[in-house]
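Colleague: Mind looking over this structure? Questions follow.
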Amino acid sequence: MQNVLVIMSVYNEELDEIMQAIQSILNQKSINLDLLVVVDNPDIDCRVLQFIAKVEAETENCFVKRNPRNIGIAESLNRAIPFVRSRAIYSHIARMDADDISKENRLQKQLQYMSEHPAIDLVGCSATLIDESGSQIGSYDVPEVVDISYGTLCIHPTWLMKVEMFIALDGYRPYSCSQDYDFLCRAVISGFKIRNVPEKLFNYRIRDKSIGNRKKLEQRRVKFFISRSFRRGDLLQRSVPELSTNIWCKCFDKVEAIKSNSKFLGRIVSVVSYYHWVSLYYVAMRKLTNY
């Protein structure tokens, strides 16, 4: 039977969410797995630390690492690299976020798909959307065949990949956001194959608190940079960009401020925002390419 290492980074999630996330992994059907929990917040709630320590003490296949300082999700997930190399028993690596829930047959189904499609190196899956209370609020359906030219519909916390792929790519590069998109682009460039299992095997939590304007803009700019570099063929020669503020950043902030009070008016004034136009272009290109 194959051995899977599940990597989960914990930062500021609620205790109940973390409990559900961890339990959903430990309850996976017919899978030999270990869970590596990386705590990336030195000031995290002590109740969370007590719970995670208790799980580690009582569960032989759960391991916990604490970062002395906040280093971000990319570097936190990369802590799995020396762990994997030192143990040398894993065939696959899976991702999991600390506020989501994996259905009990998620990894079983994904491993089965990869067994039936041996050329595939990484699979994600579709998801059911849930709110902070756990109630279903929608679905996140992704295509089986993944085209990453203008973004990706391969949900990061649903990934299951062959361990040699993770090692070959040396994990994630230190992007502050969109590190998963950069990872997939580098994977495709390196000849690895990506697909999605066409089933909802995951509950993906949507928080009420929307992402702030600064982070939203940064995500868009980094995604545009990665996508453009990937299509040009020079992504591997480019380092993480240093983003400077320009007039279009200020324009984006103004539009988002208007949208927070009136979505209708915000959509009208967004025609003067470069970053809003680029985002619409990427959405249109995904539609045109049947993605």
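Colleague: On the given criteria, is N105 in contact with a Pro (Cβ under 9 Å, 6 or more places away or on another chain), at pLDDT 95 or above and open to solvent by less than 70 Å² (accessible area, probe 1.4 Å)? Give the derivation first.
Modeller: Numbers: in contact with a Pro (Cβ under 9 Å, 6 or more places away or on another chain): no; at pLDDT 95 or above: yes; open to solvent by less than 70 Å² (accessible area, probe 1.4 Å): yes.
No.
Colleague: Here's another thing I want to ask about it. Can you find a residue that is over 19 Å from the mean Cα position of the chain (by Cα), farther than 29 Å from F230 by Cβ and either buried (at least 16 other Cβ atoms within 10 Å of the Cβ) or of a type in the set (G, A, S) (or both) anywhere in the range 86-96?
Modeller: Just the residues of the range 86-96 that are over 19 Å from the mean Cα position of the chain (by Cα), to begin with: 86-91.
Retained after the next criterion (residues that are farther than 29 Å from F230 by Cβ): 86-89.
Narrowing further to those that are either buried (at least 16 other Cβ atoms within 10 Å of the Cβ) or of a type in the set (G, A, S) (or both): 86, 88.
Yes: one or more hits.
Colleague: If we scan the range 77-92, do we find a residue that is farther than 20 Å from I22 by Cα and assigned to a strand (DSSP E or B)? Can you show your working first?
Modeller: Initially, the range 77-92 is screened for residues farther than 20 Å from I22 by Cα, giving 81-82, 85-89, 91.
Next, from what is left, pick out any that are assigned to a strand (DSSP E or B): none.
The answer is no, given that none of the residues of the range 77-92 is farther than 20 Å from I22 by Cα and assigned to a strand (DSSP E or B).
Colleague: Next question. Evaluate the range 114-133: report whether one residue or more is of a type in the set (A, V, I, L, M), open to solvent by 40 Å² or more (accessible area, probe 1.4 Å) and outside any loop (DSSP other than H, G, I, E, B).
Modeller: Quick first cut of the range 114-133, residues of a type in the set (A, V, I, L, M) only: 114, 119-120, 122-123, 127, 129-130.
Subset that is open to solvent by 40 Å² or more (accessible area, probe 1.4 Å): 119.
Checking which are outside any loop (DSSP other than H, G, I, E, B) leaves us with none.
No, there is no match, as no residue in the range 114-133 is of a type in the set (A, V, I, L, M), open to solvent by 40 Å² or more (accessible area, probe 1.4 Å) and outside any loop (DSSP other than H, G, I, E, B).
Colleague: Cβ-Cβ under 7 Å, sequence separation 6+ or interchain: first residue in the range 233-255 and closer than 17 Å to S178 by Cβ and modelled with pLDDT under 90, partner open to solvent by 30 Å² or more (accessible area, probe 1.4 Å) and not β-branched (V, I, T). Which pairs?
Modeller: V240/R173; V240/P174; L243/E218; L243/R221
Colleague: When the residues of the range 1-41 are filtered to those that are assigned to a loop (DSSP other than H, G, I, E, B) and under 26 Å from P68 (Cα atoms), which remaining residue is modelled with the lowest pLDDT? Outline the logic, then answer.
Modeller: Just the residues of the range 1-41 that are assigned to a loop (DSSP other than H, G, I, E, B), to begin with: 1-2, 11-14, 27-31, 40-41.
Next cut, under 26 Å from P68 (Cα atoms) only: 11-14, 40-41.
Numbers: Y11: 93, N12: 89, E13: 93, E14: 93, D40: 95, N41: 93.
The selected residue is N12.
Colleague: Would you pick out the residues in the range 242-267 that are assigned to a helix (DSSP H, G or I) and of a type in the set (S, T, Y)? Full working, then the answer.
Modeller: Initial filter on the range 242-267 (assigned to a helix (DSSP H, G or I)): 247-261, 263-267.
Within the range 242-267, S260 is the sole residue that qualifies.
Colleague: Please note which helices (runs of 4 or more DSSP H) are completely contained in the range 149-241 and include at least 3 residues that are open to solvent by 10 Å² or more (accessible area, probe 1.4 Å) and within 30 Å of K109 (Cα to Cα).
Modeller: Values: elements: 163-168, 179-189, 213-232.
Result: 163-168, 179-189.
The values are calculated or read from the model by the stated rules, or taken from the named source; none is laboratory data. These numbers were taken from a predicted model, which means no experiment stands behind them. With ideal geometry, Cβ positions are generated from the backbone for all residues, glycine too; neighbour counts draw on all protein chains shown. The protein model used for the area step is the full one, side chains on, heavy atoms only, and it has no ligands, DNA or RNA in it. Shrake-Rupley method; radii C 1.70, N 1.55, O 1.52, S 1.80 Å.
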